[in-house]
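Throughout, read-outs are computed from the coordinates displayed, never taken from laboratory work. Values in this document were obtained by computation on a predicted structure and should not be read as measured data. Cβ atoms come from the backbone with ideal geometry, glycine included; neighbour counts cover every protein chain shown.
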Amino acid sequence: MYEIISKTEVVPNIYELIIKAPEIAEKAKPGQFVILMIDEAGERLPFTLSDWDAKKGAITIYFLEVGLSTMTLARLDKKNISAVIGPLGKPVSAEKFGTIVLGGGCYGIGGIYPIVKALKEAGNTVITIIEARSSYLLYNKEKLRKYSDRFIVTTGDGTKGEKGKVHDVVKIMIKRKEKINRAYFIGCTFMMMNCFNETKNHDITTFVALSPIMVDGTGMCGCCRCLVDGETKFACVDGPIFEAKDIDWDILFKRNAAYSQQEAMIYQFHSCESREV
Ligand SMILES: Cc1cc2nc3c(=O)[nH]c(=O)nc-3n(C[C@H](O)[C@H](O)[C@H](O)COP(=O)(O)OP(=O)(O)OC[C@H]3O[C@@H](n4cnc5c(N)ncnc54)[C@H](O)[C@@H]3O)c2cc1C
Ligand code: FES
């Protein structure tokens with residue numbers, strides 16, 4: 001059993017979960033993830049490691065309520081979950097590359113933080129850009145600002161920072177001929193693809209964190225397979241962070257949507273059921 005130290009709804013529909021997991025906190029590296037199981041029979045849920053504290057033996061994740069399991073996790077009132085497996089996946093290499101743009105949307109505003117911190121500590125010039133539909137959906141700002149040479153907020157409705165999204169700011173920076181050596185984007189697949197569409201013709205090595213459907217997280221089931229540079233790769237062991245230019249985006253979108261009808265039905269059914277109780 002793993003103790004939940006705290007669970008907080010940081011903005012509507014996004015939760016910060018701090019869990020006691022000393023062996024993971026000790027080994028975690030930026031870009032890695034964990035798999036949680038709420039109970040023994042529960043789904044295995046992959047979440048990006050968004051922070052950790054080896055001294056306190058604690059890890060932090062941010063999750064978005066999208067379906068049945070994340071709804072169950074959001075409403076959980078017990079103080080323990082069955083399993084936390086990790087750290088999983090390949091970490092990013094935190095070397096000095098020059099000027100780096102890092103963009104986060106949705107749960108990626110939490111997920112990008114360890115990479116921002118590691119790349120700043122490695123001596124890079126770090127430009128962090130985050131996006132949300134509106135100002136009330138922004139979180140993690142102070143932590144990100146602390147390790148960023150420039151910190152840019154964007155909102156879809158213009159209620160805070162620049163009006164628009166991460167890719168709009170990247171587009172303007174490129175137009176102004178600002179030097180960018182590398183870019184990292186974490187968020188929904190559409191957001192990451194839009195960002196890559198801006199960088200791809202400008203000699204900017206761009207990385208994105210894929211979130212295909214996963215089951216075991218150890219390269220055994222094949223569920224998370226994606227086509228990268230013409231080869232089948234398993235996001236759980238070969239990724240989840242890949243160079244964006246190598247990704248077959250069409251296949252990624254298709255595989256991610258494979259069960260969306262069933263997921264929507266079961267989510268609707270259980271959210272109506274829990275409202276009736
Ligand atoms: C490496 C990795 C890191 C991730 N990091 C985060 C994170 O930090 N925060 C966060 O909120 N979400 C993250 N996700 C996505 C998260 O795992 C899914 O949102 C969650 O499993 C959905 O479960 P559900 O039952 O609530 O929704 P479902 O009803 O199962 O599905 C709703 C949506 O989630 C996607 N999904 C469903 N099951 C999985 C699965 N096992 N793996 C990946 N996607 C799935 C579906 O394609 C669908 O779009 C990550 C996924 C991966 C693979
Ligand atoms: S989740 Fe099974 S191979 Fe990656």
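Determine by what factor the alpha-carbon radius of gyration of the chain differs from 2.2 N^0.38 Å, reporting the quotient. Walk me through the numbers on the way to the answer.
Numbers: Rg = 18.2 Å, N = 277, 2.2 N^0.38 = 18.6 Å.
Its radius of gyration relative to the 2.2 N^0.38 Å reference: 0.98.
Using the 10 angstrom Cβ neighbour count as an exposure proxy, how do Leu64, Leu137 rank, fewest first?
On the way: Leu64 16, Leu137 20.
With the sparsest Cβ surroundings first, the list reads Leu64, Leu137.
How high is the relative contact order of the stretch 99-256? Use alpha-carbon pairs under 8 Å, at least six apart in sequence, and give a whole percent. If you can, show how the numbers build up before the last one.
Numbers: 304 pairs, mean separation 30.0, N = 158.
Contact order relative to length: 19 percent.
So for the stretch 99-256: antiparallel DSSP bridges make up what percent, rounded to the nearest 5?
Values: 8 of 32 bridges.
Around 25 percent antiparallel, to the nearest 5.
Does anything in the stretch 8-50 have its amide N under 16 Å from the 7 Å Cα→Cβ label point of Ser93, and if so which residues?
30-31
Taking 0.36 nm per residue of separation and subtracting the Cα-Cα distance, what length does fully extending Ala41 through Thr232 add?
Numbers: separation 191, 0.36 × 191 = 68.76 nm, distance 2.97 nm.
Extra length available between Ala41 and Thr232 comes to 65.8 nm.
Taking the stretch 79-180, how much of its Cα-Cα pair set, in percent, is spaced more than 16 angstrom apart? Present the calculation step by step, with values, prior to reporting the outcome.
On the way: 3089 of 5151 pairs.
Summing the P(r) of the stretch 79-180 above 16 Å gives 60 percent of all pairs.
Suppose R0 equals 22 Å; then what is the FRET efficiency for Arg145 and Glu178 from their Cβ-Cβ distance, rounded to the nearest 0.05?
Values: r = 19 Å, r/R0 = 0.88.
Efficiency at R0 = 22 Å is approximately 0.70.
Per the Cauchy relation, a quarter of the hull surface: what is the mean projected area of the convex hull of the alpha carbons in the stretch 160-242, in nm²?
Values: hull surface 26.2 nm².
Result: a mean projected hull area of 6.5 nm².
State which entries of Lys90/Lys146; Lys20/Lys120; Lys96/Lys233; Lys120/Lys146 exceed 18 angstrom in Cα-Cα distance in the structure shown. Can you show the working numbers first?
Working: Lys90/Lys146 25 Å; Lys20/Lys120 27 Å; Lys96/Lys233 27 Å; Lys120/Lys146 10 Å.
Over 18 Å apart, Cα to Cα: Lys90/Lys146; Lys20/Lys120; Lys96/Lys233.
Take every Cα pair under 8 Å in the chain that's 6+ residues apart, average their separations, divide by the length, and report that relative contact order as a whole percent. Display every interim value, and only then the final one.
On the way: 588 pairs, mean separation 43.2, N = 277.
Relative contact order comes out at 16 percent.
List the GluC sites (Glu not before Pro) within the stretch 1-51 that DSSP assigns to loop and that have no more than 12 neighbouring Cβ atoms inside 10 Å. Working shown, then result.
Working: sites: Glu3, Glu9, Glu16, Glu23, Glu26, Glu40, Glu43; in loops: Glu40, Glu43.
Answer in residue order: Glu40.
Above 21 angstrom, tally the Cα pairs of the stretch 99-256 and express them as a % of all pairs, no decimals.
Values: 5560 of 12403 pairs.
I get 45 percent for the Cα pairs in the stretch 99-256 exceeding 21 Å.
Can you give me the pair-distance distribution of the stretch 2-88, C-alpha pairs, 5 Å bins, whole percents?
Result returned by the calculation: 3, 15, 28, 29, 18, 7, 0.
Of all the stretches in the chain, which is the longest one without any exposed loop site, taking trypsin sites (Lys or Arg not before Pro) in a DSSP loop (any state but H, G, I, E, B) with at most 11 other Cβ atoms within 10 Å? Don't jump to the answer; show the numbers that get you there.
Values: sites that count: Lys55, Lys78, Lys79, Lys96, Arg176, Lys177, Lys179.
Counting only loop sites that pass the neighbour cut-off, the longest clear stretch is 180-277.
Given that compact globular proteins tend to follow 2.2 N^0.38 Å, what is the ratio of the alpha-carbon Rg of the stretch 33-133 to that value? If you can, show how the numbers build up before the last one.
Values: Rg = 15.5 Å, N = 101, 2.2 N^0.38 = 12.7 Å.
Normalised Rg, Cα atoms only: 1.22.
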